[in-house]
Amino acid sequence: MNAPTMHETCPICGHGGLVVLEVASHLRYDVCGKCGVCIKHVESASAQEDFASSQNAYYEETIEDPFAEPSAIMRERLAHRARVLQRYIKPGSSVLEIGPGGGQVADWLLRNNCDYLGCEISKELTKRLKARGIPVVNNDFEMLPSVDAFDLVLSFHTIEHVPEPQSQLTKAFSIVKPGGFFIIATPNARSWEQRLFSKLSANFDVGHLHVFSPRSLVMMAEAAGWQVHASSTSEYTSDWLRILSKVLRRFRNEDEVASAGKYSRMAASGGADRAISLISAVTAPLRLVQASLGGGNEIVLVLQRPNAR
Ligand SMILES: [Zn+2]
């Protein structure tokens, strides 16, 4: 399919061969054949409006917990985050997290005696986090003052949502101390799920304005001045389960946008933990192989701000 696209050339690598991928009737992406980035066709007048409307739909207008999922899945993700984070923190490390979400990483960092601050754009989520005693400011990350004050900045599944991902990389660079780190986790456009079943990939989501490949993310990071310290992929039990849930929703003719999250909430309340733990144990070796070959559904990129010379 070679329809004309909104972006004639790739804004990241300059390649001219962007191809339209129609995931669903209201969900299309321009896919770069060179660096692999996928850029969503925005439904509103601008990416900024698109971002605002999906933020509202997800986090401000819902009374249900937008992060509800089976605790086995939550534990698995946190254990992986902790394995990565423990290499980059020590007691007293100053850490800023963009979009703390449900606050699991915040809790872990506070337990490990870090000097933690969350930056949350949603008023509703800020209220919930503060009520739990987590230090958080209600602000747009890109509006924070550019003072190099932090040892570590974290962006776990936020960069795919923001209209200007390059600005997030530039802002993070300006608030990290020289020699400090920026860790990004985001869906992987080169995962096995996405390469094999692109139209069923959960990475294509109304809230995801970009889906990055490792290569496209590294190109953007280097343009902002970062050095790549480590790059890997991770694969969670939930990743292939999401593909199954999408097949099920298509089979039942359910609206994919409206029903997104419904199954994870059902599983969260239905005590599916034992089944998921079993699936997790059985699939662990396969997932390890997938992740180590770079095909995991999540990119984990650790960037370092070079020391001043
Ligand atoms: Zn490109």
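For C10, indicate whether it is within 16 Å of the ligand (Cβ to nearest atom) and in contact with a helix residue (DSSP H, G or I) (Cβ under 6 Å, 6 or more places away or on another chain).
Judged against the criteria, C10 is not a match.
Considering (1) under 23 Å from R83 (Cα atoms); (2) within 14 Å of the chain's Cα centre (by Cα); (3) modelled with pLDDT under 95, say which one G207 fails and leave the rest.
(1)
Residues of segment 13-37 being within 10 Å of the ligand (Cβ to nearest atom) and open to solvent by less than 10 Å² (accessible area, probe 1.4 Å), which ones?
If the condition is that a residue be within 10 Å of the ligand (Cβ to nearest atom) and open to solvent by less than 10 Å² (accessible area, probe 1.4 Å), then D30, C32, C35, V37 are the ones that fit.
Go through (1) free of Cβ contacts under 8 Å to residues at least 12 places away in the same chain; (2) in contact with a Pro (Cβ under 9 Å, 6 or more places away or on another chain) and name the single condition K130 misses.
Going through (1) free of Cβ contacts under 8 Å to residues at least 12 places away in the same chain; (2) in contact with a Pro (Cβ under 9 Å, 6 or more places away or on another chain) one by one, K130 breaks only (2).
Give the residue, chosen from S231, S269, that is open to solvent by 50 Å² or more (accessible area, probe 1.4 Å), at pLDDT below 85 and more than 20 Å from S201 (Cα to Cα).
After applying the criteria, what remains is S269.
What pairs come out if I take residues in segment 287-301 that are on the phi > 0 side of the Ramachandran plot and pair them with residues that are not in a loop (DSSP other than H, G, I, E, B) whose C-beta lies under 6 Å away, six or more apart or interchain?
What qualifies is G294/T233.
Within segment 172-191, is there a residue that is basic (K, R) and under 23 Å from G36 (Cα atoms)?
Yes, segment 172-191 has at least one match.
Restricting the search to segment 69-93, which residues are of a type outside the set (S, T, Y) and in contact (Cβ under 8 Å) with a residue 40 or more places away in the chain?
Of everything in segment 69-93, those that are of a type outside the set (S, T, Y) and in contact (Cβ under 8 Å) with a residue 40 or more places away in the chain turn out to be E69, P70, A72, I73, E76, R77, H80, R81, V84, L85, I89.
Report the residue count in segment 123-153 for those that are in contact with a strand residue (DSSP E or B) (Cβ under 8 Å, 6 or more places away or on another chain) and surrounded by 18 or more Cβ atoms within 10 Å (Cβ to Cβ).
10
Going by the conditions given, is E69 at pLDDT 75 or above, touching a helix residue (DSSP H, G or I) at 6+ places or on another chain (Cβ under 8 Å) and over 22 Å from K199 (Cα atoms)?
It is true that E69 is at pLDDT 75 or above, touching a helix residue (DSSP H, G or I) at 6+ places or on another chain (Cβ under 8 Å) and over 22 Å from K199 (Cα atoms).
Taking the criterion of being more than 16 Å from the ligand (Cβ to nearest atom) and of a type outside the set (A, V, I, L, M), would at least one residue in segment 209-222 satisfy it?
Checked against the condition, which is being more than 16 Å from the ligand (Cβ to nearest atom) and of a type outside the set (A, V, I, L, M), segment 209-222 yields no hits at all.
Check F156, F204, F181 and return the single one that is more than 22 Å from I73 (Cα to Cα), among the aromatic types (F, W, Y) and either touching a residue at least 40 places away in the same chain (Cβ under 8 Å) or open to solvent by 30 Å² or more (accessible area, probe 1.4 Å) (or both).
Unique residue meeting the criteria: F181.
The values are calculated or read from the model by the stated rules, or taken from the named source; none is laboratory data. As the structure is a prediction and not an experimental result, all values here were calculated from the model. Note: ideal-geometry Cβ built from the backbone for every residue, glycine included; neighbour counts use all protein chains shown. Just the protein is used for accessible areas: all its heavy atoms, side chains included, with ligands, DNA and RNA removed. Shrake-Rupley method; radii C 1.70, N 1.55, O 1.52, S 1.80 Å.
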